[in-house]
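A short write-up of the structure that comes next.
Nothing in this text is a laboratory measurement; each read-out follows from the coordinates by a stated rule. What you see is a predicted model; the values in this text were computed from it and never measured. Cβ sites come from the backbone with ideal geometry, for glycine too, and all protein chains shown count toward neighbours.
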Amino acid sequence: MPREITAFSNPLIKYVRDLRDKRHRRAAKQFLAEGLRILTEARETGRLPRTLFYAAASANHPLVHALSMDVEEAGGESIQTTPDILSKLSGKDNPQAVVGVFDEFDAKLEDLDRNSAGIWLVAERLRDPGNLGTILRTGDAVGAGGLILIGESVDPFSVEAVRASMGALFTIPVVKTEWEPFHAWLRNGPGQLVGLSLDTDTDYRSATYTGPTFLLTGNEAQGMPPEMAEACDVLVKIPMLGKADSLNAAVATAVMAYEVLARQEKSAA
């Protein structure tokens, strides 16, 4: 049976609230996810929170009830609480009906089966959590095999990134690595590395894509380093017909991903 917490002074409330802080989150190796949609996505992929908080008014919602039962059956804890405490946990004035505490998880390069998908997303020094979340959603939408983060990228388990992913963090693998091991792994098997760059005359619509295709997006402000550009099998650019010189990193990734998907679907037809 779920227990009830209504006091802000409860030590567990302080612990969970502190998971919003990067240092505490990394030390605890746990993170927060908010919202019934996101937690339901996680549940459908087999990932359940260690601790589930929900408002008393949501207790009879069928999805909340099912989530609570599954958490307890898996050895976790369900806690009924107040909207004020949920607001404190989420940091929002209008909190979601549920908040979950999950153990961090990640994949390794050696865990990936590159032949399991035709598209893979690679981001180098991605700094914005909103961009990371959007790229994850794009990856889910196009059936990408995973997202590979190169270098000092934003934490995919930050509250902002998890929220922006709308549950996609739970549906595709995320690997954090450095350029050298990624490049060595990539060249140890099939895979075309396609870089998005302004320093090329190749229109993304005229290039040839051979799967599995790894789409490399550089840092939002600086683009990709020269050594990475040189290592790409092909560099492509998205034409800019207005005054802006480039697209947002997440938008550019989405445009490229759907172009590659369309090519692959046409080839398979």
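Each DSSP beta bridge with both residues in the chain is either parallel or antiparallel, and the antiparallel ones are about 25%. Each of SER87 and LEU12 was given a label point 7 Å from its Cα along the Cα-to-Cβ line. The distance between the two points is 2.2 nm. Placing +1 on the Cβ of every Lys and Arg and -1 on the Cβ of every Asp and Glu, with no other charges, gives region 92-139 a dipole of roughly 240 debye about its Cα centre. Across every direction, the projection of the convex hull enclosing the Cα atoms of region 10-158 has a mean area of 9.8 nm².
Sorted by mean Cβ packing within 10 Å, highest first, what order do the peptides 53-60, 161-168, 127-134, 87-94 take? Could the numbers behind the result be given before it?
On the way: 53-60: 17.4, 161-168: 23.0, 127-134: 20.5, 87-94: 14.5.
So the peptides 53-60, 161-168, 127-134, 87-94, ranked by packing, come out 161-168, 127-134, 53-60, 87-94.
Calculate, in whole percent, how much of the Cα-Cα pair population of region 126-213 lies beyond 18 Å. Intermediate results must be reported in sequence, preceding the final value.
On the way: 1996 of 3828 pairs.
That tail contains 52 percent of the Cα-Cα pairs.
Quick check: residue separation of ASP245 and GLU77 times 0.36 nm, minus the Cα distance between them. What number comes out in nm?
Length difference between fully extended and current span is 55.4 nm.
If you run the Gaussian network model on the chain, springs between alpha carbon atoms under 10 Å, then out of THR81, THR138, THR217 the most flexible one is THR81. Principal axis extents of the C-alpha atoms in the chain (largest first, rounded to whole Å): 62, 38, 35. Computed extension length for ALA184-LEU63: 39.1 nm, one decimal, from 0.36 nm per residue of separation with the Cα-Cα distance subtracted.
Amide H contacts of PHE157: none lie under 5 Å away among residues 5 or more positions distant or on a separate chain (H built 1.01 Å from N in the peptide plane; Pro and chain starts excluded).
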